[in-house]
1. Looking only at the range 23-42, decide whether some residue is β-branched (Val, Ile, Thr), without any contact (Cβ under 8 Å) to a residue 24 or more places away in the chain, surrounded by fewer than 18 Cβ atoms within 10 Å (Cβ to Cβ) and outside any loop (DSSP other than H, G, I, E, B).
2. Give the residue that is surrounded by the most Cβ atoms within 10 Å (Cβ to Cβ), with candidates limited to residues of the range 205-226 that are free of Cβ contacts under 8 Å to residues at least 40 places away in the same chain and not in a helix (DSSP H, G or I).
3. Please determine, by comparing only the residues of the range 186-204 that are surrounded by 17 or more Cβ atoms within 10 Å (Cβ to Cβ) and acidic (Asp, Glu), which one is nearest to Leu5 (Cα to Cα).
4. Condition first: under 18 Å from His137 (Cα atoms) and modelled with pLDDT under 95. Now tell me which residues in the range 201-220 satisfy that.
5. With the requirement that a residue be in contact with a His (Cβ under 6 Å, 6 or more places away or on another chain) and either in a loop (DSSP other than H, G, I, E, B) or closer than 16 Å to Leu107 by Cβ (or both), what does the range 43-53 give you?
6. Quick one: which of Glu48, Glu55 is more than 22 Å from Val125 (Cβ to Cβ), touching a residue at least 24 places away in the same chain (Cβ under 8 Å) and of a type outside the set (S, T, N, Q)?
7. When you go through Glu62, Glu55, Glu48 one by one, which is the residue that is under 28 Å from Asn201 (Cβ atoms) and of a type outside the set (Val, Ile, Thr)?
Amino acid sequence: MNVLLLGATGLTGSHCLPGLLATPEIEQVHALTRRPLTLQHPKLIAAEADFDHLEASAHHFEVDVVVCCLGTTLRQAGSRDRFYRVDHDYCLEAARIGKARGAKAFLLMSAVGASPSSTVFYNRVKGELERDITALHYPLLSIYHPGLLLGNRQEHRTGEAAMARVMPVLNLGLIGPLSRYRGIESEMVAHAMVNEVRELNLAGLSSAQVEFRHYEDILALAMASP
């Protein structure tokens, strides 16, 4: 199969990329980024894209699976409007183009608590994105709902850094239904996404289905062999 990865330079996407490239079932990995990739690989087709004019890169969407790890923060974006543009509009446009170009599955990095009716702006944007991509009726839409993503970020986020230090202790108290709010290593989420792609039976995807991957689901997928 052929795969398109969006967000390959981000925290989770940077772990997804080598995993996808190492997967024997994948013939080509297209990676559209806003800044150049330094990685080179025989399977990799990397290109810088203008996400405000994504249709110009539509030929990269002629794949079987789209993996979307695209996202920003309010601080990076500089405004709520710009945040919405990146975290909602860019991702939705990518999903639309992928569906039009024949992609059968779309794996979306979202967040726990995502809801279009949330009073929290971040969660509301994520929820609206989930709602709008669901309306495209992909044969498979797999939505990942991790809690706080742990790992070494290129940019420093003071609040998240503080949370990351105490998250291992907090995780101990998040049991039962609350376990979905546990912090999780970004590398673990990437392993889960790669394993899900590897295990896909594209021929068996016929009707629109939406699957949500919470903490326990992500762990199970990440630990699946090989």
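The values are calculated or read from the model by the stated rules, or taken from the named source; none is laboratory data. Since we're looking at a predicted model, the values are computed, not measured. Cβ: placed from backbone, ideal geometry, glycine included. Neighbour counts: every protein chain shown.
1. Scanning the range 23-42 turns up no residue that is β-branched (Val, Ile, Thr), without any contact (Cβ under 8 Å) to a residue 24 or more places away in the chain, surrounded by fewer than 18 Cβ atoms within 10 Å (Cβ to Cβ) and outside any loop (DSSP other than H, G, I, E, B).
2. Result: Ala224.
3. Applying the filter and picking the extreme gives Glu196.
4. Asn201, Leu202, Ala203, Gly204, Leu205, Ser206, Ser207, Ala208, Gln209
5. Across the range 43-53, there are no qualifying residues.
6. Glu55
7. Going through Glu62, Glu55, Glu48 in turn, the sole match is Glu62.
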